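Below you'll find the structure, written out as structure tokens, and then a few comments.
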Amino acid sequence: MIIDAHLHCTGREHTDEVLTALDDAEVDAAVLLAPFLSPPFQLNDPHSLRVANQHLANLVGGHEDRLIGFAVVNPLHEEAIDDLRHAIVDLGLRGLKLVPTGWYPYDERAHGIYESAALLGIPILFHSGIFIDGRSGRFCRPAFFEAVREHPDLRVTLAHLGWPWCDEANAVGVIDLINGVAPDESQFRFDISFGAPPVYRKSALNKALAVLTPELLQFGSDRFLPCSGEHIAEKIHEVDALFDDLELAPDARKRIMYGTAAAWLGIS
Ligand SMILES: [Zn+2]
């Protein structure tokens, strides 16, 4: 069983081809993110994000057993809380993706969104680490996400192991383990969609496994739809090869490929 907990929409994909790609990649369920990086969708255009969330709702409708839609909002927009509520309550989306850019994870506006997400009982996937726009990395340092702890009911994932601040990400995530919090109850888990260039991946994963344990790690391909199943499967094979290299036990692999995300999403 495999959950791909980080798969991007662009607005150009159709339900049938997404399901076929997942079948071909042998992925059982996927977290689909509303489009925000592909024109005409932009994080700084609230109208485009509303269209993006509606597109995603249409895409996943009727296939909620396999397609888990995550809305996107920008906390800087005045209507962001209303847009989030609409996306979850009216459109039926089931989580939230946030990219800190132009705002820090501890800003007051972000706390308003966290409060709403906690009330709605939804998980949040954060981009963390350096960002592809080459301008926003400073907003996405892992330690800044400690602000989430002011909302104890929130269960969030930090993407990319916080690359290049993987040590900082491990330090944030291990706190709950030190305090004896059960992994599924931890406020933080981390996806291993790699931000790191290949030469760093083995050591980054090795340290994350040692510090966070497989219980706080989950797989995400970070691929952009529409794409073939083969394109997604390449990412699965890439992590399989690292798991082989690190001699990871079968139970640990199952946890990373399915169990951690299933518990986070409430689909176990
Ligand atoms: Zn991504």
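The values are calculated or read from the model by the stated rules, or taken from the named source; none is laboratory data. A quick note: this is a predicted structure, and the numbers were derived from the prediction, not measured. Here the Cβ is made from the backbone with ideal geometry for all residues, glycine too, and neighbour counts use every protein chain on show.
Given (1) surrounded by fewer than 15 Cβ atoms within 10 Å (Cβ to Cβ); (2) closer than 23 Å to I236 by Cα, identify the lone condition not met by R12.
Result: R12 fails condition (2) only.
Which residue, of G129, G137, G162, is among the small types (G, A, S), within 16 Å of Q218 (Cα to Cα) and surrounded by 15 or more Cβ atoms within 10 Å (Cβ to Cβ)?
Numbers: G129 fails: within 16 Å of Q218 (Cα to Cα); G137 fails: within 16 Å of Q218 (Cα to Cα).
Among G129, G137, G162, only G162 is among the small types (G, A, S), within 16 Å of Q218 (Cα to Cα) and surrounded by 15 or more Cβ atoms within 10 Å (Cβ to Cβ).
Kindly evaluate N74 against the criterion of being modelled with pLDDT of 95 or more, touching a Leu at 6+ places or on another chain (Cβ under 6 Å) and within 28 Å of F194 (Cβ to Cβ). Show your work before the answer.
Working: modelled with pLDDT of 95 or more: yes; touching a Leu at 6+ places or on another chain (Cβ under 6 Å): yes; within 28 Å of F194 (Cβ to Cβ): yes.
Against the criterion (modelled with pLDDT of 95 or more, touching a Leu at 6+ places or on another chain (Cβ under 6 Å) and within 28 Å of F194 (Cβ to Cβ)), N74 qualifies.
Within the group D90, D153, D82, which residue is more than 17 Å from the chain's Cα centre (by Cα) and in contact (Cβ under 8 Å) with a residue 12 or more places away in the chain?
Working: D90 fails: in contact (Cβ under 8 Å) with a residue 12 or more places away in the chain; D82 fails: in contact (Cβ under 8 Å) with a residue 12 or more places away in the chain.
Selected residue: D153, the only one of D90, D153, D82 that is more than 17 Å from the chain's Cα centre (by Cα) and in contact (Cβ under 8 Å) with a residue 12 or more places away in the chain.
When segment 125-146 is examined, which residues are found to be touching an Asp or Glu at 6+ places or on another chain (Cβ under 8 Å) and part of a helix (DSSP H, G or I)?
In the first step, residues of segment 125-146 are kept if they are touching an Asp or Glu at 6+ places or on another chain (Cβ under 8 Å); the result is 125, 141-143.
Passing the criteria: P142, A143.
Have a look at I113, I122 and point out the one that is outside any helix (DSSP H, G or I) and more than 16 Å from the ligand (Cβ to nearest atom). I'd like the intermediate steps shown before the answer.
On the way: I113 fails: outside any helix (DSSP H, G or I).
Result of the check over I113, I122: I122.
Sort out which residues of segment 28-53 are β-branched (V, I, T) and within 16 Å of the ligand (Cβ to nearest atom), and write them in order of number.
So in segment 28-53, the residues β-branched (V, I, T) come out as 31, 51.
Listed by number, the list holds a single entry, V31.
What do you reckon, is L22 of a type outside the set (D, E, K, R), more than 26 Å from A262 (Cβ to Cβ) and touching a residue at least 60 places away in the same chain (Cβ under 8 Å)?
The answer is no for L22.
For the structure I just gave you, tell me whether D191 is of a type in the set (D, E), more than 21 Å from E247 (Cβ to Cβ) and surrounded by fewer than 22 Cβ atoms within 10 Å (Cβ to Cβ).
Values: of a type in the set (D, E): yes; more than 21 Å from E247 (Cβ to Cβ): yes; surrounded by fewer than 22 Cβ atoms within 10 Å (Cβ to Cβ): no.
Judged against the criteria, D191 is not a match.
Scan the helices (runs of 4 or more DSSP H) fully inside segment 1-99 and keep the ones with 1 or more residues being under 19 Å from H111 (Cα atoms). Walk me through how you get there before you give the answer.
Values: elements: 15-25, 46-60, 80-85.
Of the helices (runs of 4 or more DSSP H) lying wholly inside segment 1-99, those with at least 1 residues that are under 19 Å from H111 (Cα atoms) span 46-60, 80-85.
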